[in-house]
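Novice: Before I ask anything, here is the structure I am working with.
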Amino acid sequence: MSNPSPAAVATPLNQAPALRSITFERGDLQLDTGLLDFVVRSDVHTWIRRGGGIVAFGETARFTTSGPGRFAEAQAWWREVVAAADVVDPLAQPGSGLVAFGSFAFSKTSRHLSRLIVPRVLVGSREGKSWITYITDDGGAELSASAAEAELAAYLDEVEPEREPCSGDRIAPGILTEEQWMTAVSRGVAHIREGELSKLVLARDVVAELGSPISTSQVLRELAVRYSDCWTYSVDGLIGSTPEMLIKVEDQTARARVLAGTLDRSTAPAGDSGYANRVLAGSEKQQHEHEIAIDSLTRQLEPFTRTMTSHSEPFVLELPNVWHLASDVSAELAVDSEGNVPSSLALVEALHPTAAVCGTPTTVAGELIRELEHLERGPYAGPVGWMDATGNGEWGIALRGAVVETPTRVRMYAGCGIVEASQPVAELAETWSKFRPMIEALGLRAPLRS
């Protein structure tokens, strides 16, 4: 993961700075590819779906933490930052004004540092409106539209060159070999059959060793174009395109998209339009896995809501690499005795980890994950996204992604929901289908398997 340059750190570590922020409406971006024309650097922060979202550059402030209290500590820091900030935001809509990007470790025991990063300049676009936000910790800095555009232009001057695949590129095994991981799946199934838990999510990693430096911006553009219905994210070296929205908060409304149940499209028979519905939606094993995931989320979200609705039956979500069983959940958030609505990050703390990325019961599944995976998940399957000064935000689950460890080393992750009917060989094949978005975006090919 990348570290801030010395010039970017304006205050002692984790001390809440006094920030000034101003937002200007830009009108329609009038770009053929929307925000993708701004994705030109390896250090860009992104949250993009269907051409809209947020792209940001630079770093005005950073908060890092780890352990069980990582979400609460980040919320406390953000409240201090917002309380001390001078924010001018005539748009007053989700994603405008003061914004922080965030990435949190999957596990409370992880050594990986969870983080919130306040950028220096941000471009946003949604529902036909676009804007630019300039954020500074310099009390004497000029806050004007021309100053904001100049700051943005300075970042856009340094365009990252695209990368061509080369003979030195290869995909290497991760912590476990395929055989070792399938053994872990078998052991997980045995624990389920013993009645210790009903679902377990097991992940594995592979490493892309590149013969030339990665072009992170190129990878992000590839993902955003190919997987336009997903949320393409980039925060401090964590990159990917997730199909799963953990929680989205706009004013008093919360939304989530839950996925569980997967079918690889590469093995589908040609011309069979009903294949996904018949094989995926008609599978008792896949339906059972999905039911566990949706029940987990709605149960954890319910205490924060006045009303909540979800699909009575999951629908089949079609992505370029796979089909998923999916359910969308919508809720009106309850107001507390002081008239406050829970922030997006407060809901993240309540919901993470869901059964879709951990298992159920959570405590038992978490212990087995540490025993069987032999893997430091770091930010993989943890919350990634953004929040603004009013508590609005969008937090996905960091799936279909990777961590850029060095310019020529990229660690990719994929996981599967394991239930009693799971077969190790089928689960291994599913991981390769989930690695595919990153492998293709890097310009690589998956190794041939016997």
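The values are calculated or read from the model by the stated rules, or taken from the named source; none is laboratory data. Being a predicted model, the structure only gives us computed values, none of them experimental. For neighbour counting, all protein chains shown are included, and Cβ atoms are generated from backbone atoms with ideal geometry for every residue, glycine included. Calculation scope for accessible area: heavy atoms of the full protein, side chains included, ligands and nucleic acids excluded. Shrake-Rupley method; radii C 1.70, N 1.55, O 1.52, S 1.80 Å.
Novice: Compute the distance in nm between two label points, each set 7 Å from the Cα along the Cα-to-Cβ direction, one at residue 129 and one at residue 180.
Specialist: The modelled label-to-label distance comes out at 5.2 nm.
Novice: Further, regarding this structure: Under a 1.4 angstrom probe, counting protein chains only, how are 179, 349 ranked by accessible area, largest first?
Specialist: Highest to lowest solvent-accessible surface, that is 179, 349.
Novice: Can you tell me the length gained on complete extension of the stretch residue 84 to residue 423, counting 0.36 nm per residue apart and subtracting the Cα distance?
Specialist: Gain in length upon complete extension: 116.6 nm.
Novice: Given the Cα atoms of segment 239-285, and with Rh set as the inverse mean 1/r over their pairs in the Kirkwood sense, what is Rg to Rh to two decimals?
Specialist: Values: Rg = 15.3 Å, Rh = 13.5 Å.
Result: Rg/Rh = 1.13.
Novice: With charges set only on the Cβ (+1 for Lys and Arg, -1 for Asp and Glu), what does the dipole of segment 359-450 come to about its Cα centre, in debye to the nearest 20?
Specialist: Working: 9 positive and 11 negative charges, 88 e Å.
Dipole magnitude for segment 359-450 comes out near 420 debye.
Novice: Give the long-range amide H neighbours of residue 211: residues separated by 5 or more places, or on another chain, with amide H under 5 Å away, using H modelled in the peptide plane at 1.01 Å from N.
Specialist: Amide H to amide H, under 5 Å and 5 or more residues apart or across chains, residue 211 pairs with 166, 168, 169, 170.
Novice: Select from 188, 148, 66 the residue farthest towards the positive end of the dipole of the chain; place +1 on Cβ of Lys and Arg, -1 on Cβ of Asp and Glu, and compute about the Cα centre.
Specialist: Farthest towards the positive pole: 188.
Novice: Per residue, what volume in Å³ does the Cα convex hull of segment 294-415 take up? Before the final figure, lay out the partial values.
Specialist: On the way: hull volume 18.2 nm³, N = 122.
In segment 294-415, the Cα hull volume divided by residue count equals 149 Å³.
Novice: Whose amide H sits under 5 Å from the amide H of residue 333, counting only residues 5 or more places off or on another chain, with H placed in the peptide plane?
Specialist: For residue 333, the qualifying residues are 253, 254, 306.
Novice: Also, I was wondering about something else. With +1 on each Lys and Arg Cβ and -1 on each Asp and Glu Cβ, how big is the dipole of the chain about its Cα centre, in debye rounded to the nearest 20? Write down the numbers at each step before the final one.
Specialist: Details: 39 positive and 59 negative charges, 159 e Å.
Dipole magnitude for the chain comes out near 760 debye.
Novice: Using only the alpha carbons of segment 378-433, determine the length spanned along each of the three principal axes and report them from longest to shortest in whole angstroms.
Specialist: 46, 34, 17
Novice: Work from the charge dipole of the chain (Cβ charges, +1 for Lys and Arg, -1 for Asp and Glu, about the Cα centre) and give the residue of 16, 82, 417 farthest towards its positive end.
Specialist: After comparing all options, I get 417.
Novice: Okay, next question. If we count every other residue with Cβ under 12 angstrom of residue 349's Cβ, Lys/Arg +1 and Asp/Glu -1, where does the sum land?
Specialist: Value of the local net charge: +1.
Novice: What dipole magnitude, in Debye to the nearest 20, does segment 211-280 give about its Cα centre under +1 on Lys/Arg Cβ and -1 on Asp/Glu Cβ?
Specialist: Rounded to the nearest 20 debye, it is 140 debye.
Novice: Another question, if that's okay. Under the Kirkwood approximation applied to all pairs of distinct alpha-carbon atoms, what is the hydrodynamic radius of segment 74-229 in Å?
Specialist: Kirkwood hydrodynamic radius for segment 74-229: 20.8 Å.
Novice: Sorted by accessible area with a 1.4 angstrom probe, largest first, how do 151, 291 fall?
Specialist: Highest to lowest solvent-accessible surface, that is 291, 151.
Novice: How large is the accessible surface per residue of the chain, computed with a 1.4 Å probe and reported in Å² as a whole number?
Specialist: That works out to 40 Å² per residue.
Novice: Sort 285, 129 by heavy-atom solvent-accessible area, probe 1.4 angstrom, most to least. Please list the in-between numbers first.
Specialist: Values: 285 45, 129 95 Å².
Output order, biggest surface exposure first: 129, 285.
Novice: Same structure, new question: Using a 1.4 Å probe on the protein chains only, how many percent of the accessible area of segment 126-213 belongs to carbon and sulfur? Numbers along the way, then the final one.
Specialist: Details: 2120 of 4320 Å².
Of the solvent-accessible surface of segment 126-213, carbon and sulfur hold 49 percent.
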